[in-house]
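Below is one structure; the comments refer to it alone.
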Amino acid sequence: MRQQIRLTRHRLFKPAIWKTRLIFWGGAVLVGIVAAVFALLGEKGDHFYRNLFAENPWLSFIITPAGLMLIVWLTRKFFAGAEGSGIPQTLIAIEGRGGKALAEQLLSFRIAVGKVLLTVMGLFSGASIGREGPTVHIGAAIMYSLGRYVHLPARYLERGLIMTGGGAGIAAAFNTPIAGIVFAIEEMARSFDRRNSSMILIGVILAGMTAIYVHQDNYNYYGTSPVDIDFSWVWLGVVVCGVVGGLLGGSFSFVLINGARKLRPLVQRHYLLVAAVCGLIIALIGVLSDGHAFGTGYIEARQIVSCTGSDSCVVETGLMYPVYKILATLASYLSGIPGGIFAPSLASGAGLGSNLATLFPPELASTIVILGMVGYFSGVVQTPITAFVIVMEMTDNQDLVLALMATSMIASGASKLICKKPIYYALAESFMTARLLAQKAEAKDEAKIFPQDPGTRA
């Protein structure tokens with residue numbers, strides 16, 4: 001017994017153990033601070049572009065294509081690996097694909113800085129992107145880089161740092177600590193790493209608390225909706241929102257995955273042209289939607305969630321809003337700029353729910369909007385637990401737990417009928433394929449410049 005107590009004391013005060021804990025927890029606080037600053041900058045960019053559009057809508061046809069071209073050029077020249085959401089890159093590093101050298105490239109401080117800068121530039125340019133996926137990438141990069149700096153020895157610690165950074169990114173970006181924990185387990189780990197579980201949980205919570213402290217307000221992103229549950233109708237709403245949202249979300253993922261694959265050869269040769277065309281498409285959609293398709297979609301989603309079923313305000317987005325938002329998000333992602341799909345997908349889902357609510361009794365409208373949001377979002381990402389927890393925490397609707405859970409599960413299943421593989425894993429594979437093709441092209445170019453001497457051949 002005494003020997004066991006001595007061993008416990010030895011472990012308690014062992015410097016190596018405390019160094020690991022400080023990296024996990026201190027890094028999580030840093031992720032929370034960076035995420036909060038990132039959120040403020042992104043909000044400034046979104047508002048700036050909306051004000052510009054309100055003054056002269058036709059400027060969109062200049063600013064958006066030019067902005068996307070500049071962002072893509074900067075990404076390729078200085079921040080290679082920062083493109084897209086960032087979650088696929090994080091998954092590649094967790095699984096060890098490409099080796100340690102690739103992980104160090106994808107999860108460096110330089111990439112974290114570039115991700116913040118370029119995503120904010122995207123919002124200043126009117127792109128329909130979110131910052132939650134990029135915040136996952138940033139969080140993972142910060143934690144992994146700190147681990148490298150102090151030379152943590154074991155591979156499982158590196159994996160734990162990446163998981164903690166990714167989960168902390170979600171917690172801090174959405175102010176949803178529980179969703180951050182679930183995301184780290186469901187999307188990034190697929191199982192609990194028992195050696196790191198306590199440090200991961202504490203790290204995610206610390207990041208969420210830090211972001212809330214910086215914002216000085218324990219707010220809900222989409223406000224609190226006036227939910228009125230009538231269980232004679234609500235389960236019909238669960239089925240409708242789950243099936244429709246899942247099929248539409250799966251279709252979005254299928255088009256995005258295959259569109260990126262088909263465009264890959266063209267992007268390799270003419271990436272500025274692709275960015276310009278995507279920018280023009282976004283500008284056109286933005287004009288058609290009266291500016292609602294631009295940006296993250298937070299403003300529209302909050303209005304839909306808060307106003308639906310209320311006589312005190314009117315929803316201005318219109319019936320076509322989810323279609324416009326989905327198309328603008330597709331064009332933004334395919335352009336090759338850094339930016340995520342979480343927030344735009346939630347906004348698209350809110351618009352879908354608002355449209356579906358017209359099929360139900362008026363007193364059920366708020367409930368259907370929330371169910372539509374979780375149905376479409378779960379259909380896109382195919383992580384049903386994370387989807388319903390995020391929506392539940394952000395809309396402060398614990399009364400809808402069972403309905404949200406059922407809708408999310410149905411939507412995830414319906415989505416898989418169209419898109420067999422989860423979007424982030426498919427994009428991770430596409431990223432690795434593109435990297436291998438680029439390496440082969442570089443090797444071929446080098447062979448042309450420096451041809452092998454026939455006399456040296458074996």
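Please treat every number below as a calculation from the coordinates, not as lab data. As the structure is a prediction and not an experimental result, all values here were calculated from the model. Glycine also receives a Cβ, built like all others from the backbone with ideal geometry; neighbour counts cover every protein chain displayed.
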- prompt: Using a ≥ b ≥ c from the Cα gyration tensor of segment 281-401 (square roots of the eigenvalues), is it rounded, prolate or oblate, where a/c under 1.5 gives rounded and otherwise the larger of a/b and b/c decides, a/b for prolate?
  reply: oblate
statement: Tyr149 and Arg21 label points (each 7 Å along its Cα→Cβ direction) are spaced in nm at 2.1 nm
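For His137, His292, His47, what ranking results if the residue with the fewest other Cβ atoms within 10 Å of its Cβ goes first? Provide the component values of the computation, followed by the final result.
Working: His137 31, His292 24, His47 14.
Placing the least packed residue first, the sequence is His47, His292, His137.
Asn51 to Asn258: extension gain in nm, 0.36 nm per residue of separation minus the Cα-Cα distance?
Values: separation 207, 0.36 × 207 = 74.52 nm, distance 3.46 nm.
The Asn51-Asn258 span can extend by a further 71.1 nm.
I need Glu43, Glu363, Glu55, Glu83 ordered by Cβ neighbour count within 10 Å, fewest first. Could the numbers behind the result be given before it?
On the way: Glu43 17, Glu363 13, Glu55 8, Glu83 26.
Ranking Glu43, Glu363, Glu55, Glu83 by Cβ neighbours within 10 Å, fewest first, gives Glu55, Glu363, Glu43, Glu83.
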message: What does the extension gain come out to for Lys416 and Leu70, with contour length at 0.36 nm per residue minus their alpha carbon separation?
response: 121.0 nm
query: If we sort 249-258, 365-374 on the protection proxy, mean other Cβ atoms within 10 Å, highest first, what's the order?
result: 365-374, 249-258
task: Just grab the label-to-label distance for Trp235 and Ile62, each label 7 Å out from Cα along the Cβ direction, in nm (one decimal).
output: 5.9 nm
For segment 267-287 versus segment 355-411, the gap between their alpha-carbon centres in whole angstrom: 33 Å
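Sorted by mean Cβ packing within 10 Å, highest first, what order do the peptides 270-279, 349-358, 410-419 take? Show your work: numbers first, answer last.
On the way: 270-279: 19.5, 349-358: 26.1, 410-419: 22.1.
Top of the packing list down: 349-358, 410-419, 270-279.
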- request: Sticking with the crude label model, points 7 Å out along Cα→Cβ, report the distance from Gln268 to Leu319 in nm, one decimal please.
  value: 4.5 nm
message: Give the separation of the Cα centroids, segment 321-350 to segment 44-62, in Å.
response: 18 Å
- prompt: Residues with amide H under 5 Å of Gly84's amide H, sequence separation 5 or more or different chain, H placed in the peptide plane at 1.01 Å from N; which?
  reply: Ile337, Gly339
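Report the full-extension gain for the segment Arg97 to Met432: residue separation times 0.36 nm, less the Cα-Cα distance, to one decimal in nm. Don't skip to the answer; put the middle values down first.
On the way: separation 335, 0.36 × 335 = 120.60 nm, distance 0.84 nm.
Taking 0.36 nm per residue and subtracting the Cα distance, the gain is 119.8 nm.
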- request: Give a residue-ordered list of calculated ³J(HN,Hα) values for segment 287-294 (Karplus: 6.51 cos²θ - 1.76 cosθ + 1.60, θ = phi - 60°; whole Hz; x for Gly, Pro).
  value: 5, 4, 8, 6, x, 6, 7, 6
query: Hey, fewest Cβ within 10 Å first, where do Val37, Val243, Val305 land in order?
result: Val37, Val243, Val305
message: Give me, ordered by chain and number, the residues 5 or more places off Ala127 or on other chains with an amide H under 5 Å from its own placed amide H.
response: Gly295
